[in-house]
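Heads up: the structure comes next, in structure tokens.
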Amino acid sequence: MALRPSEKIAPLPNGSLLMEHVIEDTIGRGGFGIVYRVRHPRLNRLAAIKEFCPSILARRDEDQAIVPYSGEEGRYAEILARFEETAAQLCTLHHANIVPLQNQSNANNPSYVFMEFVEGLPPSTLVE
């Protein structure tokens, strides 16, 4: 069953394996993505992974892949390309106020961005 475009895409469940990492928690979400706190089981290292999933253009299918709604394939591809371009640009930046991006991948159909996990309060609690 497809979600209505107005509904948010459900995050992957805690304990799911995502690119050799185990999802521990969903730590953020917005109109174009979900951010997970993950742990690499062999290395015992935390990371954050952002999953590209624009709920207005796509849904999660029965295999947990993100797929565009019928008729939205062009817009989805355009926004996905921008997301990946931005990730590639951010990987080249080194600044104290920007969380370092470590990698970008296209497994399970959507795009994923790997970031250093930085412990702290969510930005929503710091901004009025």
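At a glance:
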item: From ARG82, ARG75, ARG59, ARG37, residue being farther than 22 Å from GLY120 by Cα, in a strand (DSSP E or B) and not hydroxyl-bearing (Ser, Thr, Tyr); result: ARG59
item: Options GLU84, GLU73: the member that is surrounded by fewer than 17 Cβ atoms within 10 Å (Cβ to Cβ) and farther than 17 Å from VAL35 by Cα; result: GLU73
item: Close pairs from segment 63-84: first small (Gly, Ala, Ser), partner surrounded by 15 or more Cβ atoms within 10 Å (Cβ to Cβ) and part of a loop (DSSP other than H, G, I, E, B), Cβ under 8 Å, at least 6 apart; result: ALA65/ASN108; ALA65/ASN109; ALA65/PRO110
item: Qualifying residue in segment 11-25 (condition: among the small types (Gly, Ala, Ser), within 30 Å of THR125 (Cα to Cα) and surrounded by 13 or more Cβ atoms within 10 Å (Cβ to Cβ)); result: yes
item: Test: residue in segment 94-105 that is open to solvent by less than 40 Å² (accessible area, probe 1.4 Å), modelled with pLDDT of 90 or more and farther than 18 Å from VAL118 by Cα; result: no
item: Test: residue in segment 60-76 that is closer than 20 Å to VAL118 by Cβ and of a type outside the set (Phe, Trp, Tyr); result: no
item: All positions within segment 41-55 that are in a loop (DSSP other than H, G, I, E, B) and either touching a Ser or Thr at 6+ places or on another chain (Cβ under 8 Å) or open to solvent by less than 50 Å² (accessible area, probe 1.4 Å) (or both); result: CYS53, PRO54, SER55
item: Hits in segment 62-72 - residues which are among the hydrophobic types (A, V, I, L, M, F, W, C) and in a loop (DSSP other than H, G, I, E, B); result: ALA65
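The values are calculated or read from the model by the stated rules, or taken from the named source; none is laboratory data. As the structure is a computational prediction, the values presented were derived from the model and not from experiment. Positions of Cβ are backbone-derived with ideal geometry, glycine not excepted, and every protein chain shown enters the neighbour counts. Just the protein is used for accessible areas: all its heavy atoms, side chains included, with ligands, DNA and RNA removed. Shrake-Rupley method; radii C 1.70, N 1.55, O 1.52, S 1.80 Å.
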